[in-house]
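What follows is a single structure, written as structure tokens, with notes after it.
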Amino acid sequence: MKIYSLFAGVLCALSVAQASTIFADFNDLRADSRLQTQDGGTGFTARWGEFGAGTEDYGGTGTIVVTDGDLQAPGRTGYRLNQSGSGHAVTGTHTAARNQNRSITPFTGDVIYFSFLVQPSADGRIGIQFGDVGGVKSSSADDPRVIAYGTSLFFGASNTDDVSVTHAFAVGEASLVVGRWDVDVDGTQDQLRLWVNPDLRSGEQGLLMHETPLIDVTSDEIDLGTFDSIGINAYSTGSGDAGLLDMLYLSDEDDAFQQVTGVSPTAIPESGAVGLLLGAGALSIVCLRRRQG
């Protein structure tokens, strides 16, 4: 029995250790330089564009670059992750689709949350994509990707019908994109839900119960278990810039929602919290009076 308990404990520890949180705020990178070959962030297994740690074999593009300036989520979202250091974000300088990926250890959790801040431009395309780092080309457009283009939110994947929602963003204004990825919801397919500027102040349950996702896709073409990279997709179809992207977070930990938003899963809106405290105070006064009587 003791041996079995020890073995079970080891298995549990290993399963917990496999969960991870990945983030990049780009503030630890060199501004006015290409993203390719740079490091920084937490949870990645190689540098941007590197096919394997230490190989110095780089793929992707040199047209996705680090630029000055941090993005801030709209206050109404309740987003609570903060940045420090030099303010940087990423953008693109090409006029056709360009990607820059970075290898990660594949997620093993049943639920993965992710978030990023984005400031779209009128002619820009900017967002994130999931893929195979060794197979990603500079102009690949087959991997699952979440993109802001102009005012629209777009999701696309190979052999999956593209989905787009208009009027999701305001051009030139920073927005928060939150995604929830449920693995094998029916044994074979993954479900992806996407929100733009959701109210996070009621926590995870508030998000799931009261905030309708702009995009909700269930497909066998978005199997997260096959991906070993996360990438930036950025370019402009006109004379303007591609827009800006900042604060990329992904997690499959037990508190993944909090990891990517900074908000407790059981958070209570400030007004509700005040009301609850006042109610508790009134109840305690009533109880005290009853005891005195």
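The values are calculated or read from the model by the stated rules, or taken from the named source; none is laboratory data. Please read all numbers here as calculations on a predicted model, not as lab measurements. In this analysis, Cβ positions are derived from the backbone assuming ideal geometry, glycine residues included, and neighbour counts consider all displayed protein chains. With ligands, DNA and RNA removed, areas are computed over all heavy atoms of the protein, side chains included. Shrake-Rupley method; radii C 1.70, N 1.55, O 1.52, S 1.80 Å.
Brief remarks follow.
- Residue within segment 216-232 that is over 26 Å from residue 45 (Cβ atoms), surrounded by fewer than 20 Cβ atoms within 10 Å (Cβ to Cβ) and within 17 Å of the chain's Cα centre (by Cα) present: yes
- Taken over segment 193-206, the criterion of being open to solvent by 10 Å² or more (accessible area, probe 1.4 Å), touching a helix residue (DSSP H, G or I) at 6+ places or on another chain (Cβ under 9 Å) and either closer than 18 Å to residue 174 by Cβ or basic (Lys, Arg) (or both) is satisfied by 193, 197, 199, 201.
- Of the strands (runs of 3 or more DSSP E) lying entirely inside segment 35-107, those carrying at least 1 residues that are more than 23 Å from residue 222 (Cα to Cα) and open to solvent by 60 Å² or more (accessible area, probe 1.4 Å) are 64-68.
- Among the residues of segment 183-192, those identified as in contact (Cβ under 8 Å) with a residue 24 or more places away in the chain and either open to solvent by 40 Å² or more (accessible area, probe 1.4 Å) or not hydrophobic (A, V, I, L, M, F, W, C) (or both) are 184, 185, 186, 188, 189, 190, 191.
- Filtered residue count, segment 187-243, keeping only those that are of a type outside the set (Ser, Thr, Tyr), modelled with pLDDT under 90, out of contact with any strand residue (DSSP E or B) (no Cβ under 9 Å at 6 or more places or on another chain) and at negative phi: 0
- Restricting attention to segment 245-263, the residues that are open to solvent by 40 Å² or more (accessible area, probe 1.4 Å) and either part of a strand (DSSP E or B) or in contact with a Gly (Cβ under 9 Å, 6 or more places away or on another chain) (or both) add up to 3.
- Pairs meeting the criteria (first residue in segment 61-73 and free of Cβ contacts under 8 Å to residues at least 40 places away in the same chain, second residue part of a strand (DSSP E or B) and open to solvent by less than 30 Å² (accessible area, probe 1.4 Å), beta carbons under 6 Å, at least 6 apart or on different chains) are lacking.
- Single residue of 111, 133 found to be modelled with pLDDT under 90, within 20 Å of residue 250 (Cβ to Cβ) and under 19 Å from the mean Cα position of the chain (by Cα): 133
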